[in-house]
1. Looking at Ile172 and the list (1) over 15 Å from Thr227 (Cα atoms); (2) outside any helix (DSSP H, G or I), which single condition is not satisfied?
2. Please state which of the following conditions Asn105 fails to meet, knowing it meets all the rest: (1) of a type outside the set (A, V, I, L, M, F, W, C); (2) surrounded by 17 or more Cβ atoms within 10 Å (Cβ to Cβ); (3) not in a helix (DSSP H, G or I).
3. Take the residues of region 211-228 that are of a type in the set (Val, Ile, Thr) and either under 17 Å from Val166 (Cβ atoms) or in contact with a helix residue (DSSP H, G or I) (Cβ under 7 Å, 6 or more places away or on another chain) (or both): which is surrounded by the most Cβ atoms within 10 Å (Cβ to Cβ)?
4. Hey, could you check region 184-195 for residues that are open to solvent by less than 30 Å² (accessible area, probe 1.4 Å) and over 14 Å from Leu123 (Cβ atoms) and say which is nearest to the chain's Cα centre (by Cα)?
5. Consider Trp174 against the criteria (1) of a type outside the set (A, V, I, L, M); (2) out of contact with any Ser or Thr (no Cβ under 9 Å at 6 or more places or on another chain); (3) on the phi > 0 side of the Ramachandran plot: it satisfies all of them except one. Which criterion is unmet?
6. Farther than 20 Å from Val14 by Cβ, assigned to a helix (DSSP H, G or I), free of Cβ contacts under 8 Å to residues at least 40 places away in the same chain and open to solvent by less than 50 Å² (accessible area, probe 1.4 Å): does that describe Val132?
7. Quick test of your reading of the structure: Ser163 fulfils all but one of (1) of a type outside the set (Asp, Glu); (2) modelled with pLDDT of 90 or more; (3) surrounded by 19 or more Cβ atoms within 10 Å (Cβ to Cβ). Name the failing condition by number.
Amino acid sequence: MFRNPLVSPDILGVSAGAALGAVLGIFLALPVLAIEAVSFASGLAAVIIVYGIAAAIRGRDAVLVLVLAGVVIGAGVGLLKYLADPYNQLPAITFWLLGSLAAANPRDLTSLLPAVAVGLIPLGLLRWQIDVMTLGEEEATVLGVDTRMLRIVVIAAATLMTSAAVAASGIIGWVGLVVPHLARLTVGPAFARLLPVSLLFGAGYLLAVDTAARTIGPVELPLGVLTAAFGTPVFLWLLAFGRRPAWS
């Protein structure tokens, strides 16, 4: 979609937008349910704003505009961290931004499952068109793919799922960057196989990291710290020794 092997859910600012909503909720001392709701809505709003900016600016590389606008969205998090109470709010904000499943409970499934289901359905139905997009936008258009509408649908589906996940767990980095490459090396680039295998690999990887976070120290470690520690060498290995990844 972006013809960039380093693409991840962070590239459009969805994670940063959801984080901004959660940080704002903590800053305003909202209850937990309200924080998750604000985080979810903020993630969706961030991508809508970013895509609107990209559509409004003509004559520029659309993908570059999307990436740069997505990075700018994260600036508000730093401002709220600066303004937060350093004794009560700032530790809570920092811990949430590093990601954790410590507070996860069955109630979270009621908000996660519908969003994930709604996001997965169009990705499954459009799997062959997504494969065609790897040939390039011009070639895909010649083959009958409406690339503009396909990009909107795929971004919307990914944003919906990512916003729901970040609202429940905080930002857990590297999962969306490393796992798809591992899945691609295992089953190849065909999206019909890549999507379910990525889901299974991502769930297994996160479960293993969460288990390690709860057992390797006297206190539970933030998941974002461990996923970065484990993910960095794995990703470097993939870049150095793996087959060249297909465009994402």
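The values are calculated or read from the model by the stated rules, or taken from the named source; none is laboratory data. Please read these numbers as outputs of a predicted model, since none were measured by experiment. For neighbour counting, all protein chains shown are included, and Cβ atoms are generated from backbone atoms with ideal geometry for every residue, glycine included. For accessibility, only protein heavy atoms count, side chains too; no ligands or nucleic acids. Shrake-Rupley method; radii C 1.70, N 1.55, O 1.52, S 1.80 Å.
1. Only one criterion in (1) over 15 Å from Thr227 (Cα atoms); (2) outside any helix (DSSP H, G or I) is unmet by Ile172, namely (1).
2. The single condition Asn105 does not satisfy is (2).
3. Thr227
4. Among residues in region 184-195 that are open to solvent by less than 30 Å² (accessible area, probe 1.4 Å) and over 14 Å from Leu123 (Cβ atoms), the one nearest to the chain's Cα centre (by Cα) is Arg184.
5. Against the list (1) of a type outside the set (A, V, I, L, M); (2) out of contact with any Ser or Thr (no Cβ under 9 Å at 6 or more places or on another chain); (3) on the phi > 0 side of the Ramachandran plot, Trp174 comes up short only on (2).
6. yes
7. Single failed check for Ser163: (2).
This table checks each residue for (1) on the phi > 0 side of the Ramachandran plot; (2) free of Cβ contacts under 8 Å to residues at least 12 places away in the same chain; (3) open to solvent by less than 50 Å² (accessible area, probe 1.4 Å); (4) outside any helix (DSSP H, G or I).
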site: Phe201; (1), (2), (3), (4): no, no, no, no
site: Gly204; (1), (2), (3), (4): no, yes, yes, no
site: Val209; (1), (2), (3), (4): no, no, yes, no
site: Gly231; (1), (2), (3), (4): no, no, yes, no
